[in-house]
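The values are calculated or read from the model by the stated rules, or taken from the named source; none is laboratory data. These numbers come from a predicted model, not from an experiment. Note that each Cβ is placed from the backbone with ideal geometry, even for glycine, and that neighbours are counted across all protein chains shown. Please note that ligands, DNA and RNA were not included when accessible areas were found on the heavy atoms of the full protein model with its side chains. Shrake-Rupley method; radii C 1.70, N 1.55, O 1.52, S 1.80 Å.
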Amino acid sequence: MTRVAALRWISLGSVLVLVSVWSVVSWLELARPDALPSPLKLFHTFIAMLNEGYGGSTLAKHVGMSVMRAVSGFLAAVILGVPFGILIGRHPVLSAVVAPIIGFFRPIPPIAFLTLFVFYFGIGEASKIGLIFMAAFWYVVLNCADGVRAVPELLIRAAENMGLSKRQLFFHIIIPASMPSIMTALRAASAISWTLVVASELLGAQAGLGFIILDAAQYFNIPATFIGIILIGSIGLMWELALSYVQRHVLHWQGR
């Protein structure tokens, strides 16, 4: 068995141990059943939600709406943030211009802009996607800019001495050398985007996993609340694994 396969089995074992402990705690009634439903109870609730939906919408629609909002905000942040981050990383004057603006907005929790987004964009999808975009954008910009600044000056001078044009220097030296930071930016932005789904769905959403959690909690439907949380965690884990797969192939030279 390879080391990678062994680590995967260890990860799977940790999940099985957690579920087993959870089952034993529920079976021995060490926690109140209404506060900590058993895994079997959650399984039955999940099947019921698959068959009957929740709040007038199918479970697939709730999942799809949350994924659409998170992915839309994430892609917008990447499409706009990566070029902008590379640009300010290459131009110190532009970096000095935008540094105080980024420094001001980045520490502010996105939830603080909740009511403003409703005021400016209404309670439709634009406000939800915009909130996710704003939070992810700063992380993409800053990581990409730092990655470009970290490219060794000796490497750039060596490429210029070899006669590389500015275009060749950019695409064959600066971008590959910056890719570890760019991939870090994408992973951070993806985590932030998915995390903010619940917050964005405070904006009058009628469908989504955040809507399920908030609505079920109001009516003390703890099993449905757990299902929403588990689905958010599971989809977030799959998203992270997908990005890790992409990173391993894009940065195939790392660790070798």
In degrees between 0 and 90, to the nearest 10, how far off the longest principal axis of the chain does helix 175-195 point, with axes built from Cα atoms? 20
How much length is gained on full extension from V67 to I123, taking 0.36 nm per residue of separation minus their Cα-Cα distance? 18.4 nm
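Can you give the helix-only mean residue ellipticity at 222 nm for the chain, where every DSSP H stretch with n ≥ 4 adds -39500 (n - 2.57) and the sum goes over all residues, rounded to the nearest 500 deg cm²/dmol? If you can, show how the numbers build up before the last one.
Numbers: 12 runs with 195 residues, N = 256.
Rounded to the nearest 500, it is -25500 deg cm²/dmol.
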To make sure I understand the rule: partners must be lysines, Cα under 21 Å from the Cα of K61, and not fewer than 8 residues away in the same chain. Which ones qualify? K128
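So how do 189-200, 223-234 stack up, highest first, on mean other-Cβ count within 10 Å?
189-200, 223-234
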List the residues whose amide H sits under 5 Å from the amide H of Y54, counting only those 5 or more places along or on another chain, with H placed 1.01 Å from N in the peptide plane. L59
With a 1.4 Å probe and all protein chains kept in place, how much accessible area does K61 have, in Å² rounded to the nearest 10? 100
Of all accessible surface on the stretch 43-166 at a 1.4 Å probe, what whole percent is carbon and sulfur? 71
Hz values of 3J(HN,Hα) by residue in the stretch 138-148 - Karplus curve (6.51, -1.76, 1.60), Gly and Pro given as x: 5, 5, 5, 4, 5, 5, 5, 4, 5, x, 5
Count charges around G89 for me, please; just the other residues with Cβ under 9 Å from its Cβ, Lys/Arg as +1, Asp/Glu as -1. +1
Please determine, in degrees from 0 to 90 and to the nearest 10, the orientation of helix 222-250 with respect to the longest principal axis defined by the Cα atoms of the chain, where the helix direction is its Cα long axis. 30
Using the heavy atoms of the protein chains alone and a 1.4 angstrom probe, what is the accessible area of the stretch 164-220 per residue in square angstrom? 46
What accessible area, in Å² to the nearest ten, does a 1.4 Å probe give for H91? 90
